[in-house]
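In what follows, a single structure is set out as structure tokens and then discussed.
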Amino acid sequence: MEFIKDPFEHLRIPIGDWTEYVLQLLVTNFRWLFQALREPVDFVLGGLEGLLTQAPPLLLLVVFTLFAWQIAGVRVMAIALACFTTIGLIGAWEEAMTTLAIVLTSILYCSAVGIPLGVASARSNTFDKWLRPVLDLMQTIPSFVYLVPVVMLFGIGNVPGVIVTIVYALPPVVRLTNLGIRQVPKDLTEAALAFGASRGELLRKIEFPLAMPSIMAGVNQTIMMSLSMVVVASMISVTGLGQMVLRGIGRLDVGLATVGGLGIVLLAIAIDRVSQGFAQDARSRNHLKWHEAGPIGLVRKLVINKKHSE
Amino acid sequence: MAASTPPVACSNLWKVFGTAEKEALKHIVDDGLSKEEVFDRFGCVVGVADATFEVAAGEIFCIMGLSGSGKSTLVRHINRLIKPSLGSVFIHGEDINKFDERRLRELRATTIGMVFQHMSLWPHRSLIDNIAFGLEVQGIGPKERRKIALETLEMMGLVAWADRYPDELSGGMQQRVGIARAIAGNPSILLMDEPFSALDPLIRRQLQDQFLELSRSVKKTTIFITHDLEEAVRIGDRIAIMNDGVIIQIGTPEEIVMSPANDYVARFVEGGAKLQVLSAKSVMQPVASFRAANPIDDAAFDALTSVDPETKLNGIIQVALDADTPVRVVDDGKTVGVITSRDLLEGITVPSRAG
């Protein structure tokens, strides 16, 4: 009778125990594997972080501004200049550079893994069917849940922080690459095949360029999500702006938390605007090649004009 | 014609769409099921049923049918964009079923050019890069590609647009680029899938003329898909009429118009009423264009039988049959036009040119 009233009192799947068991198994036997996985992330992150935190801020400011101009035009250049200047003025420059290094590393690996996965799921419906729930899981599972296992397997610090961020931020670039490739009009791919293109040429010369706005929208989403992961990741002692916020909360130091938070927002605005420049299609850029626009275009024009006048 | 290998030949080509393709095919072969029975029993749609034809070198072969008749499906078998369920396609005598991926790509890049109904130009590539795509995938260098692409654009009168992009062009110009792209690789065979259907009538006419002129000069074996009998008669050396995946009749325009194989074809070509309506002046072509296409001397030209501009079609047909030559149209002692047998046929098939 008792049983019928509340069967769950007696029937229990010990999912927690299983997880702990599996994790323990992984930690004792395969920690070397996860430590090896750290290496490539460590390499890129170390280099970027060293570069961004060691270089003189004024030089970086000039480089960022010119880069924004090249990629996204004069208006975005003004926005980026304003954002980075403010970050410097509120005293969050160094932390922002650390965060930027972490975000850039995450984007690099998310793109390197996500774009091929997206292409594969655009090619194969079966693969898409299996990958979709995995992506759903990655997006919905609260990041706190995998924070502990990641620490057990990878340790603490910036590198595991990047790994946590990749898990969280990977899905959009996969989904939007898949969508972008599937949305390339069928008659355009058929025409490419009719003129003798191989699958690889079809992908490189037709599908990728035409899907680029969609893929870049995915990368843009990935960037935004990795920025939103910054504070959570600071719990596993990732340094940077997130740590400022976390420390501020811990000490009830509203001022410090505000500086950190504002830094994240400004960084997000700047990166978002610049990365949207990549997503423009050729028509809205007036079919200009990259070397015909921005500062490089300007220099080129000056050089060519000079040659002509001589 | 029988002596040399035809550039394109299809034999007993079937295409069945659906999950039960294999099983349906087996029953088609063994029990001779009809299309309807195949659909009822297997839920499979027959796209092409038992198509057999040959196209001679330099010939323009029109495949005419309404939408859904399987003509686009049929033509895609010729460059193997669609794999046949059964039957073979021979290109210059070689069975392309036996080709591996690499040879197929080579065939598509070098031997067969294709023009599409909706142009299908790649919006992110300049005209040059669109036209040179086939050359690019063959591994030809950029300088050489540009040279060939410019020559081809020159032929289509679009050289000034070489570095522009497709979205800057009108529909008619885009399709000229489509044709340029198809002939840039100097293929021996052209597949044209309703190339002019999406264009407005005036531009269509203009492009048909330009295509015919081009076709006379480059002499390519052409398979031309259309849903328009007028176009088929204007352009085709021979016409195949397709309905529901079946080729109903293959013949010269004259044969199709004069002796349709069944009611379906007859309904297409019904022009009986026009015989009494149309007059010589509405079907004749200018003297200059006739003489340009047919180099005969003045004496021979003046010796051609003549009719009055107001003579009706049925009267002209009688005269033309008796004379077995083109007919001059003479108004007040002056030759104002010429009517060839093709002009007559066009007069019969063109839907609304009552004069």
Volume per residue of the C-alpha convex hull in the stretch B:13-122, rounded to whole Å³: 142 Å³
Counting only protein heavy atoms and a 1.4 Å probe, tell me what percentage of the protein assembly as shown's accessible area is made up of carbon and sulfur. 60 percent
Comparing B:A293, B:A51, B:A20 in a Gaussian network model of chain B (Cα, 10 Å), the one with the largest mean-square fluctuation is B:A293
Relative to the longest principal axis of the C-alpha atoms of chain A, give the angle of the C-alpha long axis of helix A:93-123, reported between 0 and 90° and rounded to the nearest 10°. 80 degrees
Does any residue of the stretch B:128-147 lose at least 40 Å² of accessible area with all protein chains in place compared with its chain alone, and if so which ones (probe 1.4 Å)? B:F133, B:V137
List, in order, the whole-Hz ³J(HN,Hα) value for each residue of the stretch B:223-239 obtained from phi through the Karplus relation with A = 6.51, B = -1.76, C = 1.60 and θ = phi - 60°; use x for Gly and Pro. 10, 10, 8, 8, 10, 10, 5, 4, 5, 4, 5, 4, 9, x, 7, 9, 10
Rg over Rh [alpha-carbon atoms, Kirkwood Rh] for the stretch A:168-310: 1.16
Which loop GluC sites (Glu not before Pro) in the stretch B:194-300, with loop taken from DSSP, have no more than 16 other Cβ atoms within 10 angstrom of their Cβ? B:E270
Cβ-Cβ cut-off under 15 Å around B:F196, Lys and Arg +1, Asp and Glu -1: the net charge is -3
Report the dimensions of the stretch A:1-117 along its three principal axes from the alpha-carbon atoms, largest first, rounded to Å. 75, 37, 34
Taking a 20 Å limit on the Cα-Cα distance, which of the listed pairs A:K301/B:K143; B:K147/B:K219; B:K83/B:K220; B:K22/B:K71; B:K15/B:K71; A:K186/B:K83 fall beyond it? A:K301/B:K143; B:K147/B:K219; B:K83/B:K220; B:K22/B:K71
Can you give the Kirkwood hydrodynamic radius for the stretch B:101-147, in Å, rounded to one decimal and based on Cα pairs? 11.7 Å
For the protein assembly as shown, max minus min Cα coordinate along each principal axis, in Å, sorted largest first? 111, 91, 44
GNM of chain A, Cα pairs under 10 angstrom: of A:L59, A:L210, A:L48, the biggest fluctuation goes to A:L59
With the calculation restricted to Cα positions, what are the radius of gyration and Dmax of chain B in angstrom? 22.4, 71
Take the stretch A:202-280, drop everything but the C-alpha atoms, weight them equally and run the Debye formula without solvent; then report log10 I(q)/I(0) at 0.16, 0.23, 0.24, 0.26 Å⁻¹ to two decimals. -0.65, -0.96, -1.01, -1.10
Longest exposed-site-free window of chain B, the sites being trypsin sites (Lys or Arg not before Pro) in a DSSP loop that have at most 15 other C-beta atoms within 10 Å: B:1-218
Cα Rg, Dmax, the stretch B:199-301, angstrom units: 16.0, 51
The answer for the protein assembly as shown, accessible area per residue at 1.4 Å probe in Å², is 49 Å²
At 20 °C and 1.002 mPa s, what whole-number value in µm²/s does Stokes-Einstein give for the translational diffusion of the stretch B:1-64, with Rh from the Kirkwood sum over Cα pairs? 161 µm²/s
Restricting the count to DSSP beta bridges whose residues both fall in the protein assembly as shown, what percent are antiparallel, rounded to a multiple of 5? 55 percent
Rounded to the nearest 10 Å², the accessible area of A:V76 using a 1.4 Å probe with every protein chain kept is 10 Å²
Have a look at the stretch A:188-202 and report residues whose accessible surface goes down by 10 Å² or more when the remaining protein chains are included, against the chain on its own, probe 1.4 Å, ligands and DNA/RNA excluded. A:L188, A:E190, A:A191, A:A192, A:L193, A:A194, A:F195, A:G196, A:A197, A:S198, A:E201
Kirkwood hydrodynamic radius of the stretch B:120-218, from inverse mean 1/r over distinct Cα pairs, in Å: 13.6 Å
Loss of accessible area when B meets A, both sides summed, Å² nearest 100, probe 1.4 Å: 2000 Å²
For the residue pair A:N125 and A:W18, what label-to-label distance in nm results when each label sits 7 Å from Cα along the Cα-to-beta-carbon direction? 3.1 nm
Mind listing P(r) for the stretch A:141-241? All alpha-carbon pairs, 10 Å bins, whole percents. 15, 33, 21, 18, 11, 2
What do the square roots of 5 times the Cα gyration tensor eigenvalues come to for the stretch B:278-349, in whole Å, largest first, as semi-axes of the equivalent ellipsoid? 17, 13, 12
What is the ratio of the Cα radius of gyration of chain A to 2.2 N^0.38 Å, where N is its residue count, to two decimals? 1.20
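The values are calculated or read from the model by the stated rules, or taken from the named source; none is laboratory data. Keep in mind that this is a model prediction, so the values were computed, not measured. Note that each Cβ is placed from the backbone with ideal geometry, even for glycine, and that neighbours are counted across all protein chains shown. Each accessible area value is taken on the protein alone, full model and side chains, heavy atoms only, with ligands, DNA and RNA left out. Shrake-Rupley method; radii C 1.70, N 1.55, O 1.52, S 1.80 Å.
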